[in-house]
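Contents: one structure, followed by commentary.
What follows is calculated from the coordinates using simple rules that are stated; it is not laboratory data. This is a predicted model, so every value here is computed, not measured. Note that we place each Cβ from the backbone using ideal geometry, even for glycine, and neighbour counts take in every protein chain shown.
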Amino acid sequence: MSSYDPGTAPDGTPLVTENAPASEGARVGTVVWGLIVLALAALIIISRLGLVVLNGTYVLIGLMIGAGAALVIGGLVSARKRDKATTTRKS
């Protein structure tokens, strides 16, 4: 078995390149699913306190519409940001 790792030099030190991609932060899908979970938890708490009576079907439809819109908008924003980063080359 070989211990060769293309990310390290022969002496084991990590290679650093100038064109290494920077950390891009959280993914859009992760943020959207986190917001869905938080929204469901808030709705469950509100309904258990008796402040509002919720219809489960309408709640799910609303969450799916909101999540779909957030994923599409987040994807478009991410693609636009990625396109701006790649057009810095000379033509």
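Annotations
- A crude spin-label estimate for the pair residue 45 and residue 84, with each label 7 Å from Cα along the Cβ direction, gives 3.5 nm.
- Note, ³J(HN,Hα) from phi for the range 72-84, Karplus 6.51, -1.76, 1.60, rounded to Hz, x at Gly and Pro: 5, 5, x, x, 5, 5, 5, 5, 5, 5, 5, 5, 5
- Rounded, prolate or oblate (a/c below 1.5 giving rounded, otherwise prolate when a/b exceeds b/c) for the range 32-76 by Cα gyration tensor: prolate
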